[in-house]
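I have placed the structure first, in the form of C-alpha cells, so that the comments after it can refer back to it.
The values are calculated or read from the model by the stated rules, or taken from the named source; none is laboratory data. Model, not experiment: these values are computed from the prediction. Positions of Cβ are backbone-derived with ideal geometry, glycine not excepted, and every protein chain shown enters the neighbour counts. Side chains included, ligands, DNA and RNA excluded: accessible areas come from the protein's heavy atoms. Shrake-Rupley method; radii C 1.70, N 1.55, O 1.52, S 1.80 Å.
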Amino acid sequence: MATSSWIDEDTPEALRTTKSLVDGSTYHLVMSDEFNVPDRTFTDGHDPTWTALDKSDDDYSASGGGSLHFYNSSMVSTTPDGMLTIQSILEDTSWTHLDLVKKEQVTKTTHFKSGMIQSWNKFCFTGGIIEVDVILPGEPDIGGLWPAMWLLGNLGRATYEASTNNLWPWSYDKCDRKKQDSQSISACNKANHFGLNKEQGRGATAGDSGGALPATEPPIMLPYADLTLQVAPGIAENRPQSGSQPV
C-alpha cells in the first residue's frame, strides 16, 4: 500500500526525534528535506514542497531604500553532492510594473539576481521546533548580503506586500477599537471573510530562525546573528535598540 509523508526517506532515524531545551519533552519529526537529490529545480510547479520565486523584491524601508536584487528561480538548485544552493550574481533584470503612487507603468532595473524558496501554501505547521543546517555566504566584514532562514504566518506571503499589509506582524486576539483599522483581521470584526471566524484576531507573525549580518551597521565589531520574533502591537518599553540585547 502506497503511503505519503512530508518526511524525507533519507533522514536518519536518529534525527527523527529531538528534545526540547525548555522542558525536556520529546518532539517527533513531521517534515524534513535532505536536498540530496541532484539537479532539483524549484520553479513554480516543479516541486511539491518548495517554490522558488520569479519576481522583484519590493521591500522598502522607512528611509526608502529597497532590495537591490531580482528573485529568479534559476538561482536555486541542488548540487551533485547533495546540497541546496542559492546563488547571488551580478546581472541586470528589467521589468515594468504599476507605480501605485504615480498611477502609471514604470520600468525598473536591478543589477543583481538572487533566489528565495518558500513553502507557502504547501507545508504549514502551528508550532514546534525547526532545525536547519546551513553554510552562510560572504565575508564577515563586508556588507551587502543578508542571508536568512525565517518563518511567516501563512495568511501573508513574503515579498507579496498586498498580502501582508495590516496582517504582518499582527498576533493579537483582543478587540481594541484604536487598533482595529491597523489589523485587517481584528477581534472587533463582526464578520471576517474567507471562512475566518468572526471576533477572532489573526495575523501573520514572523520569526527569524537564522540570519547573518556583517559587522558594518551598527558597528559592533563582530558579525552577528539576527534572531527575531516579529509581533504586533509592539511594546515600546521592551523594544531593544538595534545591536542591543532585549530587556
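Pairs are defined by a Cβ separation below 8 Å, a sequence spacing of at least 6 or placement on different chains, a first member in region 96-111 that is touching a residue at least 24 places away in the same chain (Cβ under 8 Å) and within 25 Å of Gly144 (Cβ to Cβ), and a second member that is small (Gly, Ala, Ser) and open to solvent by less than 60 Å² (accessible area, probe 1.4 Å); the pairs so defined are His97/Ser56; Lys108/Ser56; Thr110/Ser56; Thr110/Ser67. Give me a count of the residues in region 13-45 that are touching a helix residue (DSSP H, G or I) at 6+ places or on another chain (Cβ under 6 Å) and farther than 26 Å from Lys55 by Cα. Number of matching residues: 0. Taken over region 52-90, the residue count meeting the criterion of being farther than 30 Å from Asp10 by Cα, at pLDDT 90 or above and exposed (fewer than 14 other Cβ atoms within 10 Å of the Cβ) is 2.
From the set of residues in region 16-34 that are among the hydroxyl-bearing types (Ser, Thr, Tyr) and either open to solvent by 60 Å² or more (accessible area, probe 1.4 Å) or in contact (Cβ under 8 Å) with a residue 12 or more places away in the chain (or both), which is farthest from Val132 (Cα to Cα)? Spell out the reasoning first.
First, pick out the residues of region 16-34 that are among the hydroxyl-bearing types (Ser, Thr, Tyr): 17-18, 20, 25-27, 32.
If we keep only those that are either open to solvent by 60 Å² or more (accessible area, probe 1.4 Å) or in contact (Cβ under 8 Å) with a residue 12 or more places away in the chain (or both) too, we end up with 17-18, 20, 26-27, 32.
Numbers: Thr17: 14, Thr18: 13, Ser20: 16, Thr26: 18, Tyr27: 16, Ser32: 10 Å.
Out of the qualifying residues, it is Thr26.
Annotation note: Cβ proximity below 6 Å between a residue of region 153-168 that is more than 14 Å from Ser56 (Cα to Cα) and a residue that is open to solvent by 70 Å² or more (accessible area, probe 1.4 Å) and modelled with pLDDT of 90 or more (sequence gap 6+ or interchain) occurs for Asn154/Cys124; Gly156/Trp168. Filter region 164-218 for residues that are closer than 20 Å to Leu151 by Cα, open to solvent by 20 Å² or more (accessible area, probe 1.4 Å) and modelled with pLDDT under 85 and give the result. Answer for region 164-218, where residues must be closer than 20 Å to Leu151 by Cα, open to solvent by 20 Å² or more (accessible area, probe 1.4 Å) and modelled with pLDDT under 85: Asp208, Ser209, Ala212, Leu213. Taking region 35-51 as the range and being open to solvent by 70 Å² or more (accessible area, probe 1.4 Å) and touching a Gly at 6+ places or on another chain (Cβ under 9 Å) as the test, only Val37 passes. Looking across region 91-103, the residues that are open to solvent by less than 90 Å² (accessible area, probe 1.4 Å) and not hydrophobic (A, V, I, L, M, F, W, C) come down to Glu91, Thr93, Ser94, Thr96, His97, Asp99. Across region 138-163, the qualifying residues are those that are more than 22 Å from Leu100 (Cβ to Cβ) and assigned to a strand (DSSP E or B), and the one among them that is most open to solvent (accessible area, probe 1.4 Å) is Trp150.
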